[in-house]
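Colleague: Structure incoming, see below.
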Amino acid sequence: MSLDLLKGIRLFVVPNRANVVIEIRAGINSGPCVAGIVGLKMPRYCLFGDTVNVASRMESTGEPMKIQITVATKDLLTNIGGFITAERGPVTVKGKGTLITHWLLSSESS
């Protein structure tokens, strides 16, 4: 899904501003989390847990138009097969220390 999002954003043209380029960053982590509906007046679906926090850090320490993933996600994608990744190397992540991260480059079918 994140690969499709990157592909779609590259094709997006801002109306009345054709020369404006929109870029996104994406971060993915895999692991346990808790989900729930929060709020009475304006309920929203929320995810909680360390897995979610690390995914957020993957996004914030990433680079424009790239998908940064954790080792846990890379291992799952390797087991599934069909995805191309590249090691980014160590990244300092607030609250976690230094983590080895990877870039999700593409699926082998694309």
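The values are calculated or read from the model by the stated rules, or taken from the named source; none is laboratory data. From a predicted model like this one, the values you see are computed outputs, not experimental measurements. Glycine gets a Cβ as well: all are built from the backbone with ideal geometry, and neighbour counts include every protein chain shown. In case anyone asks, the SASA skips ligands and DNA or RNA and just uses the protein heavy atoms, side chains included. Shrake-Rupley method; radii C 1.70, N 1.55, O 1.52, S 1.80 Å.
Colleague: Search the range 83-102 for residues being farther than 16 Å from residue 59 by Cα and among the aliphatic types (A, V, I, L, M), and hand back the single one that is surrounded by the fewest Cβ atoms within 10 Å (Cβ to Cβ).
Modeller: It comes out as 86.
Colleague: Got at least one residue in the range 98-110 being outside any strand (DSSP E or B), in contact with a Gly (Cβ under 6 Å, 6 or more places away or on another chain) and among the small types (Gly, Ala, Ser)?
Modeller: Looking through the range 98-110, none of the residues is outside any strand (DSSP E or B), in contact with a Gly (Cβ under 6 Å, 6 or more places away or on another chain) and among the small types (Gly, Ala, Ser).
Colleague: Hey, any hits in the range 36-44 for a residue that's without any contact (Cβ under 8 Å) to a residue 60 or more places away in the chain and surrounded by 15 or more Cβ atoms within 10 Å (Cβ to Cβ)?
Modeller: For the range 36-44, residues without any contact (Cβ under 8 Å) to a residue 60 or more places away in the chain and surrounded by 15 or more Cβ atoms within 10 Å (Cβ to Cβ): absent.
Colleague: Pairs please, first residue from the range 49-67 and over 12 Å from residue 30 (Cβ atoms), second anywhere and β-branched (Val, Ile, Thr) and in a loop (DSSP other than H, G, I, E, B), Cβ atoms under 8 Å, 6+ apart in sequence or on different chains.
Modeller: 64/24; 65/24
Colleague: Select from the range 45-60 the residues that are of a type outside the set (Asp, Glu), open to solvent by 40 Å² or more (accessible area, probe 1.4 Å) and outside any strand (DSSP E or B) and list them in ascending order. Even if it seems obvious, please write down each step before you answer.
Modeller: At the first step, the residues of the range 45-60 found to be of a type outside the set (Asp, Glu) are 45-49, 51-58, 60.
Checking the rest, the ones that are also open to solvent by 40 Å² or more (accessible area, probe 1.4 Å) come to 45, 47-48, 52-53, 56-57, 60.
Across the range 45-60, the qualifying residues are 52, 53, 56, 57, 60.
Colleague: Condition first: part of a loop (DSSP other than H, G, I, E, B) and at pLDDT 95 or above. Can you find one or more residues in the range 65-76 that meet it? First the steps, then the outcome.
Modeller: Going through the range 65-76, the residues part of a loop (DSSP other than H, G, I, E, B) turn out to be 65-66.
Next, only the ones that are at pLDDT 95 or above stay: 65-66.
So far as the range 65-76 goes, yes, one or more of its residues are part of a loop (DSSP other than H, G, I, E, B) and at pLDDT 95 or above.
Colleague: Is there a residue being polar (S, T, N, Q), under 16 Å from residue 2 (Cα atoms) and touching a helix residue (DSSP H, G or I) at 6+ places or on another chain (Cβ under 8 Å) anywhere in the range 14-32? Break it down into steps so the answer makes sense when it comes.
Modeller: The first filter runs over the range 14-32 and keeps only residues polar (S, T, N, Q), leaving 16, 19, 29-30.
Narrowing further to those that are under 16 Å from residue 2 (Cα atoms): 29-30.
Now drop any that are not touching a helix residue (DSSP H, G or I) at 6+ places or on another chain (Cβ under 8 Å), which leaves 29-30.
Yes, the range 14-32 has at least one match.
Colleague: Taking the options 62, 36, 31, name whichever one is at pLDDT 95 or above and in contact with a Cys (Cβ under 8 Å, 6 or more places away or on another chain).
Modeller: Of the residues listed, the single one that is at pLDDT 95 or above and in contact with a Cys (Cβ under 8 Å, 6 or more places away or on another chain) is 36.
Colleague: Go through (1) part of a loop (DSSP other than H, G, I, E, B); (2) open to solvent by 70 Å² or more (accessible area, probe 1.4 Å); (3) within 18 Å of residue 107 (Cβ to Cβ) for residue 32 and report which single condition fails.
Modeller: Condition not satisfied by residue 32: (3).
Colleague: Exactly one of (1) touching a strand residue (DSSP E or B) at 6+ places or on another chain (Cβ under 9 Å); (2) among the hydroxyl-bearing types (Ser, Thr, Tyr); (3) under 14 Å from residue 3 (Cα atoms); (4) open to solvent by 80 Å² or more (accessible area, probe 1.4 Å) is unmet by residue 106. Its number?
Modeller: Every condition holds for residue 106 apart from (4).
Colleague: In the range 77-97, which residues are hydrophobic (A, V, I, L, M, F, W, C) and outside any strand (DSSP E or B)?
Modeller: Correct list: 77, 80.
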